[in-house]
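Encoded as structure tokens, the structure appears first; notes follow it.
The values are calculated or read from the model by the stated rules, or taken from the named source; none is laboratory data. Predicted, not measured: the structure shown is a model, and the values here were computed from it. Methodologically, a virtual Cβ is constructed for each residue, glycine included, from the backbone with ideal geometry; neighbour enumeration extends over all protein chains shown. Each accessible area value is taken on the protein alone, full model and side chains, heavy atoms only, with ligands, DNA and RNA left out. Shrake-Rupley method; radii C 1.70, N 1.55, O 1.52, S 1.80 Å.
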Amino acid sequence: MINRFDFSISATDGAARRGTLKTAHGDIRTPAFMPVGTAATVKGMTPEAVRETGADILLGNTYHLMLRPGSERVKKLGGLHKFMNWERPILTDSGGFQVMSLNELRKIDENGVIFKSHIDGKRFELTPERSMQIQNDLDATITMAFDECTPYPATEEVAASSMRRSMRWAERSRYAYERRDGYGLFGIVQGSTFEELRLESVSALTDICFDGYAIGGLAVGEGQEEMFRTLEFTTPALPTDKPRYLMGVGKPDDLVGGVMRGIDMFDCVLPTRSGRNAQVFTRFGTVNIRNARHAEDQRPLDERCGCPACRHYSRGYLHHLFKAKEMLGSMLLTWHNLHYYQEIMAAMREAIENGRLADFALDFYAAQEQGDIEPA
């Protein structure tokens, strides 16, 4: 039986879409949030726990896995799905962002990037062809084209040069990519916040023809208002029959705003990183469980939440775990945050199906503005 890589839309509400992406490793319900498993693990979570939150797909990272343990070793051990005990879809970032953000000592030219490992200083070269090979070794369900993440702020001249190099690399990525049934390759739109450059990038990528389209180079310091403005002229130019992925985003209100502007997929380290640092995302805003006011609070984080942290533990206990520097605190808050993110996505899927996304957004923002309630 052939497993097709196929995206279908079952409902729309304004620019928002409710869809299903069928892959060789199972279906992805969209809009979707992908927890980040950079080094073949979602920090503080077992794969079974991640699945319990409602996640359909995880994100892995080419740069980190090529450095340690090496894609060849992962391949020998059965591929990334078997290696990390996650049978469902996995998307792998191409490594371009990490090369730019983690390495001061690097050389970029038309061929690719030469850099030193941030782990041991060893010299590596990453090209579009090498990125495709690594992601194939990993057995990524969704492979990302190799690109250069344009820094922000950037002049229009710098952004144009960077974007056009990424488009040339995208064509090389497409040529080097090994097509398989049920697997897909996404191109990445660049161009900073300049409308003409973004539209030029979209045109170049659609001419190459990808299985999905990501919007990169945002959430890099431009702020939410500028990010949304860029989405408003970029997303409508993308093919309507392919999934749209906003990379590295974001906070809960970023997700809602992104979906309302036609985005289907998201990823971000924020829910896991925040959980490790005592920050909790809830329907009534952000809570820092280290604050002294939680020390004797017997309430759960959110009485309407079904995650283990909320079902079984008080704020007072969670506060104690962080004060005592016990790892259980980070684990429980990470679980809560991922659960909450998946609840938001599920609620938006339902709202789109019922034509009520605008009402959902109004209720969501009103609750966020109300904020957490002080203990009695």
Worksheet entry | Solvent-accessible area, 1.4 Å probe, carbon plus sulfur percent, for the range 75-190 | 49 percent
Response to the item:
For the chain, longest principal axis from Cα atoms; helix 224-234 axis from its Cα atoms; angle between them, nearest 10 degrees, is 40 degrees
Fill in: ³J(HN,Hα), Karplus 6.51/-1.76/1.60, whole Hz, each residue of the range 346-359, x for Gly, Pro
5, 5, 5, 4, 5, 4, 5, 4, 9, x, 10, 5, 4, 5
Worksheet item: Which whole-Hz ³J(HN,Hα) couplings does the range 302-309 yield from phi under the Karplus relation 6.51 cos²θ - 1.76 cosθ + 1.60, θ = phi - 60°, glycine and proline marked x?
Response: 8, 5, 9, 8, x, 6, x, 4
Fill in: Structure-derived Cα extents along the principal axes in Å: which label, when the choices are [x] 62, 50, 47; [y] 67, 43, 38; [z] 52, 48, 41
[x]
Item to complete: Using a 1.4 angstrom probe on heavy atoms only, work out the carbon and sulfur share of the accessible area of the range 264-317 in %.
Response: 43 percent
Worksheet entry | Residues of type lysines that LYS122 reaches as a straight line, Cα spacing below 24 Å, ignoring anything fewer than 8 places off in the same chain | LYS75, LYS76, LYS107
Worksheet, complete the sentence: Measuring from the longest principal axis of the C-alpha atoms of the chain, the long axis of helix 195-208 (C-alpha) lies at a number of degrees, nearest 10, equal to 60 degrees
Worksheet entry | the chain: angle of helix 128-138 to the longest principal axis, Cα-based, in degrees nearest 10 | 50 degrees
Discussion item. Given a 1.4 angstrom probe, what's the average accessible area per residue across the range 248-348, in square angstrom?
Written reply: 40 Å²
Fill in: the chain, dipole about Cα centre (Lys/Arg Cβ +1, Asp/Glu Cβ -1), debye to the nearest 20
1260 debye
Fill in: Long-range amide H partners of ALA214 with built H, under 5 Å
GLY187, ILE188, VAL189, TYR245
Item to complete: Might you report the magnitude of the Cβ-based charge dipole of the range 30-78 about its Cα centre, with Lys and Arg at +1 and Asp and Glu at -1, to the nearest 20 debye?
Response: 280 debye
Worksheet, complete the sentence: The answer for THR30, listing residues at least 5 apart or on another chain whose modeled amide H is closer than 5 Å to its amide H, is GLY19, THR20, LEU21
Worksheet entry | Over 23 Å (Cα to Cα) - which of LYS43/LYS323; LYS22/LYS251; LYS43/LYS325; LYS43/LYS251; LYS43/LYS116; LYS22/LYS242 fall in this group | LYS22/LYS251; LYS43/LYS116
Item to complete: Go through the range 5-10 residue by residue and turn each phi into a ³J(HN,Hα) via Karplus (6.51, -1.76, 1.60, θ = phi - 60°); whole Hz please, and just put x for glycine and proline.
Response: 8, 9, 10, 10, 10, 9
